[in-house]
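Okay, structure first, notes after.
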Amino acid sequence: MKTFCGRANPTTGAMEWVEEDENYDYHQEIARSRYADMLHDKDRNTKYYQGIRAAVSRVKERGERAIVLDIGTGTGLLSMMAASAGADFCYALEVFKPMANAAVKIVEKNGFHDKIKVINKHSTEVTVGPDGDMQCRANILVTELFDTELIGEGALPTYEHAHKYLVQAGCEAVPHRATVYVQLVESNRMWAWNKLFPVRVKAEDGEKIIVAPSEMENCPGVPSVCDIQLNQMPSRDFTVLSDATAMFRVEFSKPVRSASTCYRVPLEPVRSGKAQIVLSWWDLDMDPFGRINCTMAPYWIKPNSAFQWRDHWMQCVYFLPNEEPVLQGQLVSLTAWRDEYSLWYELQKARGEEEKEADVRVESPVCRCQAHLLWNRPRFGELNDQNRTQQYIRSLMKVLKADSVCLCISDGSLLPMLAHYLGAKQVPSFFLLLWSLGFSFLFAFFKANHLEDKIKIIEARPEMLESSHLEDQKISVLVGEPFFTTSLLPWHNLYFWYARTAVASHLTSSVTVLPQSASLHMMIVEFQDLWRIRSPCGTCEGFDVQIMDDMIKNSLNFRESKEAEPHPLWEYPCKSLSDPQEVLTFDFRKTVPQHCLSTEGSVTLLRKGTSHGAVLWMEYHLAADISISTGLMQISNEKGNCEWNPHCKQAVYFFSSVIESETLPALPSAVTYAINFDTKTGEIAMDFKL
Ligand code: SAH
């Protein structure tokens with residue numbers, strides 16, 4: 001059996017279906033899974049263990065046999081904890097087959113095969129009875145089915161079903177309850193991830209302001225959760241408007257309802273300001289008395305407590321549909337709407353005593369303006385970055401002439417509008433080549449700025465461009481950001497180069513290309529925490545989980561050459577161990593060459609530390625002296641702490657030898673590398689030796 005996987009081709013910018021080995025999905029899922037991160041989460045593990053011990057004791061004190069149901073057992077960890085705590089029998093359910101197989105082996109290796117039955121089924125398929133998967137209903141329900149939004153992985157319907165069919169009434173549950181907390185804040189930085197601010201352009205004939213179409217003003221955006229490492233958000237980037245408040249609770253030892261509903265709480269603003277964002281996180285009480293608590297609260301809520309770093313649970317950012325002014329001391333009410341899998345928020349002025357139960361409105365937010373489908377949240381942030389816009393403005397001013405005929409190749413770009421205001425005055429002087437999403441949205445955008453006659457959108461792929469599209473003109477200025485929505489890794493935006501090559505016959509012989517070139521940069525780093533997600537655990541709470549480590553390693557090695565993975569490094573602190581180094585350059589003034597571009601060399605390690613991996617990013621050279629980095633912004637102190645572009649993901653290549661051993665005896669003084677850009681596939685292969 002073969003599997004087909006959708007993948008963007010960086011040489012065509014198009015999504016293609018690639019035939020893969022039948023194990024491909026499994027390996028991808030395991031290699032990129034959060035299992036290792038969960039097993040490294042000491043705080044989570046110890047609290048589960050304490051909660052499970054306490055629950056088993058309570059059942060035993062009642063003189064009952066302790067029968068455990070562990071839904072989503074993964075490695076079998078929580079069932080092994082229960083068995084060690086004295087449970088009489090555990091049913092460990094795991095729907096993902098490779099994990100269920102691993103759980104069987106791990107349980108066996110740790111000597112629990114007579115106490116734990118691993119069942120490779122989704123919980124809703126499990127049967128109970130003398131001939132069933134489970135002999136009888138369980139009286140202890142243990143699960144870890146939560147994501148950053150708590151309910152996004154289907155915890156509610158799973159609990160609802162389990163209480164109906166798989167556990168006894170009055171069962172113990174670990175965790176016992178979850179509480180979702182909210183805090184109202186004002187934050188232009190985060191608000192800029194969902195709304196487009198007016199763009200100011202100082203042109204020769206005065207200041208022009210590019211505005212968003214009115215549909216965007218009131219658009220609620222998309223329902224997908226915005227989960228981030230809120231602990232990396234400096235306090236200067238937001239203003240707290242309310243205390244952190246419990247929004248709602250879910251009691252797991254009682255029947256759970258998953259049907260859509262809403263919750264409402266009054267909030268008293270502690271400061272006047274613009275309510276824009278609801279920050280949210282949750283905690284778990286592992287026991288009924290709230291003595292064993294595992295919290296995702298960010299740093300400013302519990303300033304003195306030791307933090308557990310984790311990536312499998314972070315914090316959520318919710319965007320209110322509109323910003324609302326609030327006054328210190330004047331009550332407002334916040335409504336959380338939820339369906340089975342997601343949450344969204346609304347703020348109302350408090351209406352007083354007579355307030356009734358809120359109507360249950362089930363529709364989740366739907367983007368009506370199309371912008372939120374075209375631009376994801378980091379892209380909004382990028383377009384709102386005035387510094388970045390200034391760099392493009394300065395560069396465009398250098399290259400544009402009154403009679404320039406321009407062509408823009410970039411997804412959902414505002415460059416045509418900038419360029420129109422800054423020079424190119426012939427009509428139409430600007431062509432925007434577009435073949436993906438967003439045609440009608442961009443047209444509405446140009447119209448809102450009265451530019452619909454000035455900028456012509458050509459709906460054609462670059463290789464299909466014809467002279468008639470350009471009204472028989474040749475292009476004198478070719479621009480791009482470059483940005484393409486299908487790009488995953490930094491070098492995928494080199495698609496601009498391929499598109500530039502495809503339209504070569506339409507360019508004048510003296511064409512100006514902006515950016516004129518790009519370069520790939522690389523630096524060796526030590527991560528503060530991110531290394532954990534790819535690092536083996538060996539034992540976890542005394543249980544041998546090496547089988548899991550081996551399985552992850554095997555999946556990582558599934559592809560012959562290991563691949564770099566994208567991570568937004570502003571969320572993952574690291575320090576540089578080497579100087580940043582330019583490793584490859586790509587000259588957009590020329591067409592893509594036939595041959596591969598490759599380089600070899602070595603980087604000297606300048607600082608002490610563990611070399612966890614290499615970070616790679618692109619820099620675009622817009623014009624002489626004007627460059628934009630999509631990676632490193634600066635190394636902020638002598639310790640080597642790095643500041644990264646907050647709108648882009650960087651490529652991280654984890655070194656396998658560090659993955660194997662965190663305690664390398666001696667530090668290597670240099671790392672050698674070989675990097676190859678295959679112009680046929682648009683992919684970069686790399687190899688490092690410590
Ligand atoms: N319990 C483990 C792993 C938690 S990850 C630990 O705490 O370390 C959650 C696991 O639950 C995943 O492996 C997922 O495949 C599985 N899962 C989620 N919903 C499930 C369901 N309804 N029935 C069975 N397995 C489920």
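A few notes on this one:
- Exclusive hit being within 16 Å of the ligand (Cβ to nearest atom), surrounded by 24 or more Cβ atoms within 10 Å (Cβ to Cβ) and not in a helix (DSSP H, G or I), set ALA82, ALA92: ALA92
- Complete set of residues in the stretch 490-515 that are surrounded by fewer than 17 Cβ atoms within 10 Å (Cβ to Cβ), out of contact with any Ser or Thr (no Cβ under 9 Å at 6 or more places or on another chain) and touching a residue at least 12 places away in the same chain (Cβ under 8 Å): none
- Looking across the stretch 123-134, the residues that are away from the ligand (no atom under 12 Å from the Cβ) and either polar (S, T, N, Q) or on the phi < 0 side of the Ramachandran plot (or both) come down to THR127, VAL128, PRO130, ASP131, GLY132, MET134.
- Check on ALA100, more than 12 Å from the ligand (Cβ to nearest atom), of a type outside the set (Val, Ile, Thr), surrounded by 18 or more Cβ atoms within 10 Å (Cβ to Cβ) and not in a loop (DSSP other than H, G, I, E, B): no
- Looking only at the stretch 6-46, residues that are buried (at least 17 other Cβ atoms within 10 Å of the Cβ), under 30 Å from GLY542 (Cβ atoms) and away from the ligand (no atom under 13 Å from the Cβ) come to 2 in all.
- The number of residues in the stretch 47-75 that are within 12 Å of the ligand (Cβ to nearest atom), among the aliphatic types (A, V, I, L, M) and over 15 Å from GLY170 (Cα atoms) comes to 2.
- Qualifying residue in the stretch 451-460 (condition: crowded, with 22+ Cβ neighbours inside 10 Å and modelled with pLDDT under 90): yes
- Taken as a whole, the structure places TRP570 among residues that are touching a residue at least 40 places away in the same chain (Cβ under 8 Å), in contact with a strand residue (DSSP E or B) (Cβ under 8 Å, 6 or more places away or on another chain), part of a helix (DSSP H, G or I) and within 30 Å of LYS639 (Cβ to Cβ).
A quick yes/no check of all residues on (1) without any contact (Cβ under 8 Å) to a residue 12 or more places away in the chain; (2) hydroxyl-bearing (Ser, Thr, Tyr); (3) within 12 Å of the ligand (Cβ to nearest atom); (4) outside any helix (DSSP H, G or I):
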position: VAL118; (1), (2), (3), (4): no, no, yes, yes
position: LYS121; (1), (2), (3), (4): no, no, yes, yes
position: ASN139; (1), (2), (3), (4): no, no, no, yes
position: GLU149; (1), (2), (3), (4): no, no, no, yes
position: GLY152; (1), (2), (3), (4): no, no, yes, yes
position: TYR159; (1), (2), (3), (4): no, yes, yes, no
position: HIS163; (1), (2), (3), (4): no, no, no, no
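Residue-wise test of (1) surrounded by fewer than 16 Cβ atoms within 10 Å (Cβ to Cβ); (2) at pLDDT 95 or above; (3) within 28 Å of the chain's Cα centre (by Cα).
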{"position": "ASP285", "(1), (2), (3)": "no, yes, yes"}
{"position": "VAL317", "(1), (2), (3)": "no, yes, yes"}
{"position": "GLU323", "(1), (2), (3)": "no, no, yes"}
{"position": "LEU331", "(1), (2), (3)": "yes, yes, no"}
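- Taking every residue in the stretch 12-39 that is closer than 30 Å to ILE409 by Cβ and pairing it with any residue that is in a loop (DSSP other than H, G, I, E, B) and of a type in the set (A, V, I, L, M, F, W, C), at least 6 positions away or on another chain, the pairs with Cβ-Cβ distances below 7 Å are GLY13/PHE484.
- As a summary of the residue check, ARG189 satisfies the conditions (1) out of contact with any Ser or Thr (no Cβ under 7 Å at 6 or more places or on another chain); (2) within 16 Å of the ligand (Cβ to nearest atom) except for the one numbered (2).
- Residue match in the stretch 286-300 (condition: outside the structural domain of THR389 (by the TED database), touching a residue at least 12 places away in the same chain (Cβ under 8 Å), part of a strand (DSSP E or B) and farther than 30 Å from LEU69 by Cβ): no
Condition check ((1) in contact with a strand residue (DSSP E or B) (Cβ under 9 Å, 6 or more places away or on another chain); (2) surrounded by 21 or more Cβ atoms within 10 Å (Cβ to Cβ); (3) modelled with pLDDT of 90 or more; (4) hydroxyl-bearing (Ser, Thr, Tyr)) across all residues:
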{"position": "ILE547", "(1), (2), (3), (4)": "no, no, yes, no"}
{"position": "LEU577", "(1), (2), (3), (4)": "yes, yes, yes, no"}
{"position": "THR591", "(1), (2), (3), (4)": "no, no, yes, yes"}
{"position": "ALA614", "(1), (2), (3), (4)": "yes, yes, yes, no"}
{"position": "ALA623", "(1), (2), (3), (4)": "yes, no, yes, no"}
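The values are calculated or read from the model by the stated rules, or taken from the named source; none is laboratory data. On a predicted model such as this, the values are computed, not experimentally measured, just so you know. Cβ: placed from backbone, ideal geometry, glycine included. Neighbour counts: every protein chain shown.
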